[in-house]
Amino acid sequence: MSPSKAAIYNSAESETIKRGLCTPGTRQPQIDLLLEWARTPDSGKTCWMNGMAGTGKTTIAYTVCSQLERDCQLGASFFCSRTISACRQVKYIIPTIAYQLARFSLPFQYALSKALELDPDAQDRALGVQYQKLIVEPLAEVRSSLPEDFIVVIDALDECENEDSVPYIQSTGETDCT
C-alpha cells in the first residue's frame, strides 16, 4: 500500500506546514469536550467539530490526537492540507487509515494483508470498494480483538481537491463496521 504518511498527525511534514499542539492552557474546554466524547462508550460514532477558518480546529485536533495516542486510543489520523498533494486527495484517506490501523493492531494487520492478497489493487479502486476491502472487511474479521474505544481522526476535509468525494468520506463515519 501507498499511504500518505504526510497526512498522519505527527508526521515530519507537520512541522513544515506549522501543524502542532495547542499552546498550553488554551482551547482546554474544546479539548476536554472531545476527549470526553472519545472516552464515553455510548457517545456516538462521529463527532464533528465545526468553525470558521483559522479558529484553531486543526490545532485542537492535533492536540486531541496527541492525548489519544498517549492513552493508546488513536487508531489512525488523516490531516488534509491544501499545501501537500498527498494530503489533499480523497483517494489517500482510506488507504492511510487502513495502514495506521494495521500498525495499531496486529490482528487487523493480518486481516488487511489477507484482503490485499485477494485484491492487491484495492487501494486504487473506487472509494466504496476501498472502504469495504481495506476497512470494513478486515475490521469485521478481527473486531473482537480490537479495543472498543479506538478513535480515527480526520481533519480539514474541506481542504480536499475532489469535493464530490468528500460526502462519501463523511458518510463512512456513520457506518457500522461490525
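Some values worked out for this structure:
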{"item": "Packing-based exposure ordering (other Cβ within 10 Å, fewest first) of 163, 148", "result": "148, 163"}
{"item": "Length gained when the stretch residue 50-residue 161 is fully extended (0.36 nm per residue, less Cα-Cα span)", "result": "38.0 nm"}
{"item": "Residues whose placed amide H lies under 5 Å from that of residue 153, excluding near-sequence neighbours", "result": "76, 77, 78"}
{"item": "Non-local Lys pairs in the chain, i.e. 8 or more apart or on different chains, that have alpha carbons under 30 Å apart", "result": "17"}
{"item": "Segment 1-119: projected area of the alpha-carbon convex hull, averaged over directions, in nm²", "result": "8.5"}
{"item": "Computed [θ] at 222 nm, deg cm²/dmol, the chain (DSSP H ≥ 4; -39,500 (n - 2.57); rounded to nearest 500)", "result": "-11500 deg cm²/dmol"}
{"item": "Exposure proxy order (Cβ contacts within 10 Å, fewest to most) of 11, 145", "result": "145, 11"}
{"item": "Potential lengthening between residue 126 and residue 18 on full extension [0.36 nm per residue; Cα-Cα distance subtracted]", "result": "35.7 nm"}
{"item": "Length released on extending from residue 103 to residue 5, taking residue separation times 0.36 nm less the Cα-Cα span", "result": "34.0 nm"}
{"item": "Least to most buried among 47, 80, 22 (fewest other Cβ within 10 Å first)", "result": "47, 22, 80"}
{"item": "Segment 104-178 and segment 13-31: distance between their alpha carbon centers, rounded to Å", "result": "26"}
{"item": "Efficiency of FRET between residue 145 and residue 70 - r from beta-carbon atoms, R0 22 angstrom, step 0.05", "result": "0.50"}
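Only the coordinates and a few stated rules stand behind these numbers; no lab work does. These numbers were taken from a predicted model, which means no experiment stands behind them. All Cβ positions, glycine included, derive from the backbone under ideal geometry; neighbour counts span all protein chains shown.
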